[in-house]
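One structure is given below, encoded as structure tokens.
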């Protein structure tokens, strides 16, 4: 067995790891801070709005949506049509499967797979929405869930993300 200098072993391991997990571009600390605060405030607004109206407007999948829309605001998957359309389509798929089948491991898988296919065909892919059918089926949510919290919450979340994006552009615009 031939021994390699430690730096060569490390370099080879590092190259293998990078093929498995390409590193994303580093996000500047001030953008990480701004995105994190904005995402946290958005979730707080959704929670508070639900408390004030007595109607839930917050679902767990919106936390994942915040990761995308605030840390990767210009990504295709972060655009309002994808966020709103993805969550609504996924909720609709979950509600349809729930109405027709018992809640079981296979029906949960069917609902998520159907949501994935439908989002792809509609060209409104939003990965966090993949959790929406699971939440619907596990909580035995009714058809009203499609509008509140899903549609209303996705619209509020997208509105907050658009405001964040506009603010970012305004702040980062070069001064004349």
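Exactly one of these conditions fails for residue 85: (1) within 29 Å of residue 27 (Cβ to Cβ); (2) out of contact with any helix residue (DSSP H, G or I) (no Cβ under 8 Å at 6 or more places or on another chain). Give me its number.
(2)
Of 162, 166, which residue is in contact with a helix residue (DSSP H, G or I) (Cβ under 7 Å, 6 or more places away or on another chain), within 14 Å of residue 80 (Cβ to Cβ) and surrounded by fewer than 19 Cβ atoms within 10 Å (Cβ to Cβ)?
Working: 166 fails: in contact with a helix residue (DSSP H, G or I) (Cβ under 7 Å, 6 or more places away or on another chain).
Criteria check complete, one pass: 162.
Right, residue 159: part of a helix (DSSP H, G or I) and either under 26 Å from residue 74 (Cβ atoms) or modelled with pLDDT under 95 (or both) or not?
Taking the combined requirement at face value, the residue satisfies it.
When you look at residue 75, is it within 23 Å of residue 127 (Cβ to Cβ), under 14 Å from the mean Cα position of the chain (by Cα), surrounded by fewer than 17 Cβ atoms within 10 Å (Cβ to Cβ) and at pLDDT below 95, yes or no?
So residue 75 passes the test.
Considering only residues that are over 17 Å from residue 89 (Cα atoms) and either assigned to a helix (DSSP H, G or I) or modelled with pLDDT under 95 (or both), which ones fall in the stretch 135-151?
Within the stretch 135-151, 138, 139 meet the criteria.
Might you let me know whether the stretch 99-109 holds any residue that is closer than 16 Å to residue 146 by Cβ and crowded, with 19+ Cβ neighbours inside 10 Å?
Checked the stretch 99-109: no residue is closer than 16 Å to residue 146 by Cβ and crowded, with 19+ Cβ neighbours inside 10 Å.
Against the definition (at pLDDT 95 or above, within 13 Å of residue 152 (Cβ to Cβ) and surrounded by fewer than 23 Cβ atoms within 10 Å (Cβ to Cβ)), how does residue 88 come out, yes or no?
Against the criterion (at pLDDT 95 or above, within 13 Å of residue 152 (Cβ to Cβ) and surrounded by fewer than 23 Cβ atoms within 10 Å (Cβ to Cβ)), residue 88 qualifies.
Can you confirm whether the stretch 28-46 contains a residue that is in a helix (DSSP H, G or I), over 18 Å from the mean Cα position of the chain (by Cα) and over 26 Å from residue 167 (Cβ atoms)?
no
Can you tell which of 111, 154 is in a helix (DSSP H, G or I), farther than 30 Å from residue 35 by Cβ and in contact with a helix residue (DSSP H, G or I) (Cβ under 6 Å, 6 or more places away or on another chain)? Talk me through it step by step, then tell me what you get.
On the way: 154 fails: farther than 30 Å from residue 35 by Cβ.
Being in a helix (DSSP H, G or I), farther than 30 Å from residue 35 by Cβ and in contact with a helix residue (DSSP H, G or I) (Cβ under 6 Å, 6 or more places away or on another chain) holds for just one of 111, 154, which is 111.
In the stretch 117-158, which residues are without any contact (Cβ under 8 Å) to a residue 12 or more places away in the chain and under 17 Å from residue 83 (Cα atoms)?
Those that are without any contact (Cβ under 8 Å) to a residue 12 or more places away in the chain and under 17 Å from residue 83 (Cα atoms): 117, 120, 121, 123, 147.
The values are calculated or read from the model by the stated rules, or taken from the named source; none is laboratory data. Everything numeric here is computed off the predicted structure, so don't read it as measured data. A quick note on method: Cβ atoms are made from the backbone with ideal geometry, for glycine too, and the neighbour counts reach across all protein chains shown.
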